[in-house]
Amino acid sequence: MSLGASDFYPTVSAADPELAAILDRELTRQSSTLQLIASENFTSRAVLEATGSVLTNKYAEGYPGKRYYGGNVFVDRVEELARDRLKALFGAEHANVQPHAGANANAGVYIGLLKPGDTVLAMRLDQGGHLTHGSPVNFSGQYYRFISYGVTPANGDTGERIDLDQLSDIAKNERPRLIVVGATAYPRIIDIAPLREIADSIGAILMFDAAHVAGLIAGGVYPNPLGSSEHGPNKGADVVTFTTHKTMRGPRGGAILSTSQYSQALDKAIFPGLQGGPLEHVIAAKAVAFLEASRPEFANYQSRVVENAKVLASALEVEGFRTVSGGTDTHLLLVDLTKFDPELSGKEAQEVLDAAGITCNRNQIPYDIRSPFITSGLRFGTPAMTTTGMGTDEMLEVAALIGRALRERNNEDTLAAIRNEVAILCSKFPPPPFV
Ligand SMILES: *Cc1c(COP(=O)(O)O)cnc(C)c1O
């Protein structure tokens with residue numbers, strides 16, 4: 001790649017060559033190795049520019065029309081634009097675009113709708129749930145009483161789905177105040193209708209954590225968890241949280257959508273309950289991302305993301321790997337390494353692939369016998385490489401490279417050769433900001 005940081009950040013290069021040199025190397029890394037981490041993406045140049053805008057200079061505690069500082073006339077317009085675009089995108093009654101991250105969006109929901117010690121039912125962490133769904137090392141698990149549901153046992157391409165019978169039984173016995181659905185490592189579509197029924201049967205609030213799938217929803221390739229007219233009014237989740245930087249392809253950040261019933265409690269929870277001044281430069285970039293997500297090109301992009309993930313999953317099966325649940329409906333897939341080689345852990349596989357220029361993350365598989373630090377699985381996602389323009393032919397090539405790297409993992413020459421092939425492939429698909 002002949003372009004470097006100085007071409008994109010000329011002022012940084014002049015003011016701080018030491019930092020510019022590090023940025024330069026990161027740009028090269030992002031554009032010469034395969035980015036298959038399911039929660040990552042490449043934002044557009046417009047999103048990058050808005051994130052770097054003068055709005056970073058402004059304090060704006062409060063909400064549009066109700067700020068604690070003066071001088072917010074234009075900031076208010078930026079935040080209103082982001083909120084209005086987001087509400088239109090999901091057909092939501094209420095939106096809060098201030099959460100600094102997905103974790104903050106979830107914290108805002110818990111603070112706004114629960115009391116410390118309340119019972120929450122969420123997905124088991126080793127079966128796809130997120131740290132903020134009750135991990136003992138996270139505030140959620142320390143301040144609330146989390147209990148969990150899991151997935152059914154492996155069974156070709158019908159197992160490893162959310163166990164609705166188990167979820168319903170636990171809900172009826174434990175009567176949680178809140179049910180959390182949505183996951184960080186679950187490859188299948190979650191139908192909100194049966195969950196709404198279970199929540200209604202015990203009077204629980206239903207939250208959908210769309211951190212991973214928000215972009216798929218906006219692109220129309222995943223059902224809207226707020227419910228659709230086909231389900232009748234209010235047949236979906238009461239609250240939807242998500243991150244703006246995963247499939248949504250915006251700046252790093254979070255957002256909350258809800259019915260008007262919960263709007264005030266949620267707004268108060270985010271500010272002044274949890275956060276101080278909002279990051280209005282990031283909110284400006286969220287507005288750009290929501291505009292981009294409303295375009296037909298975005299829907300087309302999301303369907304290619306899913307198509308690429310399906311092709312990558314079946315090509316990896318051909319290489320001898322088992323995929324959890326037998327494939328994927330979404331942008332991500334989980335590979336169970338135990339069939340390929342029972343000796344190979346997720347940790348070792350991730351390190352081998354790193355050496356071969358293939359970036360992914362290790363992940364527990366359902367009923368994993370190894371710890372979360374070691375694991376027996378790998379998680380792959382296609383959002384980032386699809387943004388660069390890669391299609392199904394490239395996914396076949398990527399699967400073959402992964403198989404070869406892991407089969408010949410003790411041969412350093414092979415890994416170096418693969419790293420070279422990866423760089424050649426990537427050079428044909430430059431990511432933003434190179435395009
Ligand atoms: C990524 C993720 C989050 C947290 O997002 P951050 O921006 O990293 O705080 C929350 N929930 C789920 C399901 C996620 O996958």
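The values are calculated or read from the model by the stated rules, or taken from the named source; none is laboratory data. The model shown is predicted, which means the values in this text are computed figures rather than measured ones. Cβ coordinates were reconstructed from backbone atoms using ideal geometry, including for glycine residues, and neighbour counts include every protein chain displayed.
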query: Across segment 180-194, which residue is surrounded by the most Cβ atoms within 10 Å (Cβ to Cβ) among those that are free of Cβ contacts under 8 Å to residues at least 60 places away in the same chain and more than 11 Å from the ligand (Cβ to nearest atom)?
result: I192
message: Going through E317, E292, E280 one at a time, which residue ends up being crowded, with 24+ Cβ neighbours inside 10 Å, over 18 Å from M390 (Cβ atoms) and not polar (S, T, N, Q)?
response: E280
Filter pass, I256 being within 16 Å of the ligand (Cβ to nearest atom), in a helix (DSSP H, G or I), in contact with a Pro (Cβ under 7 Å, 6 or more places away or on another chain) and not assigned by TED's automatic domain parsing to the domain that holds V324: no
query: What do you reckon, is S325 surrounded by 20 or more Cβ atoms within 10 Å (Cβ to Cβ) and assigned by TED's automatic domain parsing to the domain that holds V422?
result: yes
Lone qualifier among Q142, Q98, Q166 - being buried (at least 17 other Cβ atoms within 10 Å of the Cβ) and either part of a loop (DSSP other than H, G, I, E, B) or more than 22 Å from the chain's Cα centre (by Cα) (or both): Q98
task: Run down I198, I147, I162 and say which single residue is of a type in the set (A, V, I, L, M, F, W, C) and under 17 Å from D238 (Cβ atoms).
output: I198
field: Failed item in (1) within 13 Å of the ligand (Cβ to nearest atom); (2) of a type in the set (A, V, I, L, M, F, W, C); (3) crowded, with 24+ Cβ neighbours inside 10 Å, with A237 passing the rest
entry: (1)
Residue that is among the β-branched types (V, I, T), touching a strand residue (DSSP E or B) at 6+ places or on another chain (Cβ under 7 Å) and either assigned by TED's automatic domain parsing to the domain that holds V288 or not in a helix (DSSP H, G or I) (or both), where the choices are I111, I37: I37
